[in-house]
Amino acid sequence: DDLDTTVLSWAIGQSRGEGLQVSGDTVKVEAEGTYFIYSQVLYKDTTWLMGHVITKSLKGAETKLMKCLKSMPSNVSQPLNTCYTAGIYFLESGSTLQLSVPRKSAELILKAHATFMGLFSI
């Protein structure tokens, strides 16, 4: 359900060159090419299964590039777990990337060392 989704907004941690532009919850690709994309989310949630999706949008078409799923611990006093994913993709100029968690009320740890997304040209 697209309405039951948390979309994360980003701050720039490091940036070199002008091939990528961050705007709120999307990263726009200015320079077409092959990119290494990576992401991690730290979940603090009692739901038995958590995960996130990296979606590419280009000219109105959406493609799910990567999904990450993680079983959560049964110990509800410390329901912490991370999910990390990475991959190599060709990205066209004008593509935008977005990271979303398919739960609107997802409890996440939004610290730079715990939840992040990045990409670089290879």
Among all lysine pairs in the chain that are eight or more places apart or on different chains, how many have alpha carbons less than 27 angstrom apart?
25
The chain - accessible surface per residue (Å², probe 1.4 Å):
61 Å²
Given that just one value was derived from the coordinates, which of [x] 7.4; [y] 7.0; [z] 8.6 is mean projected area of the Cα convex hull in nm²?
[x]
If you roll a 1.4 Å probe over the chain with all protein chains in place, what percent of the accessible area is carbon or sulfur?
50 percent
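The values are calculated or read from the model by the stated rules, or taken from the named source; none is laboratory data. All values reported here derive from a predicted model rather than from experimental measurement. Keep in mind that these areas ignore ligands, DNA and RNA; they rest on the heavy atoms of the full protein, side chains included. Shrake-Rupley method; radii C 1.70, N 1.55, O 1.52, S 1.80 Å.
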